[in-house]
């Protein structure tokens, strides 16, 4: 095996090739096509009835926060009508700090309780990553959420 120094690391030739490929591969090949949070919310809503009662309340609160964030999406995904008079009344908006605090609390509760509640915690973590300005981490978490939902049959 031939070894050499690659970006400060002692590597074999095959390790260096893999590292170079990781750093030069197009983003779509690394993470797959981008997944939008608003597209996954209906699938999460279908999972809500399967949760036990304490987790169901927390999951519904989390979904309400995520739906409010997703309603700012340019597509207007949640609007079933174009008539603004028929739009649901918006709940009071949270400041980003209040939203992050509430999301942290819900993610902590949902991540520790029932295994079926873990996808909700992952969705909350993805939103927290967006709020923190880490879009690549948010995309990684949304891809993980998409996989978890598919594995659960949703």
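The values are calculated or read from the model by the stated rules, or taken from the named source; none is laboratory data. Here the structure is a predicted model, which means the values were calculated and not measured. Positions of Cβ are generated from backbone atoms using ideal geometry, with glycine treated the same way; all protein chains shown enter the neighbour counts.
A few notes on this one:
- Hits in region 132-147 (condition: surrounded by 15 or more Cβ atoms within 10 Å (Cβ to Cβ) and in contact (Cβ under 8 Å) with a residue 12 or more places away in the chain): 138, 139, 140, 141, 142, 143, 144, 145, 146
- Flag for residue 127 being at pLDDT below 95, in a helix (DSSP H, G or I) and surrounded by fewer than 16 Cβ atoms within 10 Å (Cβ to Cβ): no
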